[in-house]
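Below is one structure, written out as structure tokens, with a few remarks after it.
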Amino acid sequence: MSTATLDMPTKPTTRNTAALAGREVPAGREVPAGIDRIVLTGFMGSGKTTAGALLAERLGWRFLDLDREIEHRHNRTVPQIFSESGEAHFRHLESTMLACLLGQHHVVVALGGGAPEALGNRLLLEQTPHTAVVYLAAPFATLLDRCLQQAATPEATTRPVLADLTAAERRFHLRRTHYERIAAHTVDTSALTLDQTAAAILDLLRDDRVRSEELRRIR
Ligand code: S3P
């Protein structure tokens with residue numbers, strides 16, 4: 001990938017998400033037993049925010065987007081925090097907010113793509129009980145395409161990390177191992193719609209539930 005600069009790369013806003021949350025996820029799936037929160041991780045453009053909102057709606061749980069919560073708490077957008085206070089400060093706010101969100105029950109949490117870079121965040125995710133982390137995976141080119149499509153929507157907010165695509169691709173490769181390690185499940189979203197992604201997450205967690213019930217029976 002050659003060095004390039006994107007003009008104001010964006011991600012969906014909560015308002016976009018709310019509009020999408022009306023879409024149907026196939027019924028008949030139960031809240032996974034023993035799971036109190038589902039955390040979606042993955043690179044920008046992986047569908048964490050939109051699929052997460054769909055999933056929360058299907059479960060009757062609350063949806064929390066880490067970036068939106070930071071913006072709300074600090075009354076500044078993520079790009080403003082990056083440009084006015086620097087990435088390190090954003091990462092500090094991100095870690096603090098993550099700890100706060102992981103104290104909530106019956107929530108689907110969408111992480112920012114960079115949250116698993118910090119060891120402290122990874123340890124927190126691994127050690128928070130009753131928490132299922134799911135990695136939404138796709139190749140870099142697919143993710144970038146999606147981000148560019150989102151950038152064309154009027155209400156999207158900017159993604160400062162995409163300003164330098166070479167650095168962004170490097171981050172993608174570095175982060176992949178972290179995403180895989182912290183996640184109990186990986187969903188390959190390359191060929192999935194957002195509804196299908198939400199349904200796939202529920203299927204995986206439901207299979208977990210069936211397996212653990214079977215294990216309990218034979219013990
Ligand atoms: C970032 C991803 C963004 C947001 C911030 C930094 C990253 O979240 O947290 O712009 O470092 O990858 P999304 O992954 O939800 O776009």
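The values are calculated or read from the model by the stated rules, or taken from the named source; none is laboratory data. Quantities reported herein were computed from a predicted structural model and do not represent experimental measurements. Counting neighbours? That spans all protein chains shown, and the Cβs are built from the backbone with ideal geometry, glycine included.
Side notes on the structure shown:
- Considering Leu165, Leu174, Leu204, the condition of being among the hydrophobic types (A, V, I, L, M, F, W, C) and touching an Asp or Glu at 6+ places or on another chain (Cβ under 9 Å) is satisfied by Leu174 alone.
- Taken over segment 166-199, the residue count meeting the criterion of being under 15 Å from Phe43 (Cβ atoms) and either at pLDDT below 95 or acidic (Asp, Glu) (or both) is 3.
- Qualifying residue in segment 111-125 (condition: more than 13 Å from Arg68 (Cβ to Cβ), touching a helix residue (DSSP H, G or I) at 6+ places or on another chain (Cβ under 6 Å) and of a type in the set (Lys, Arg)): yes
- Among the helices (runs of 4 or more DSSP H) confined to segment 72-128, the ones with at least 2 residues that are surrounded by 15 or more Cβ atoms within 10 Å (Cβ to Cβ) and within 11 Å of the ligand (Cβ to nearest atom) are located at 78-85, 87-101.
- In segment 137-147, the qualifying residues are those that are outside any loop (DSSP other than H, G, I, E, B) and within 15 Å of the ligand (Cβ to nearest atom), and the one that is nearest to Gly42 (Cα to Cα) is Ala137.
- Check on Met44, modelled with pLDDT of 95 or more, within 13 Å of the ligand (Cβ to nearest atom) and part of a helix (DSSP H, G or I): no
- On the stretch given as segment 148-163, residues that are within 12 Å of the ligand (Cβ to nearest atom) and closer than 20 Å to Ile81 by Cα total 9.
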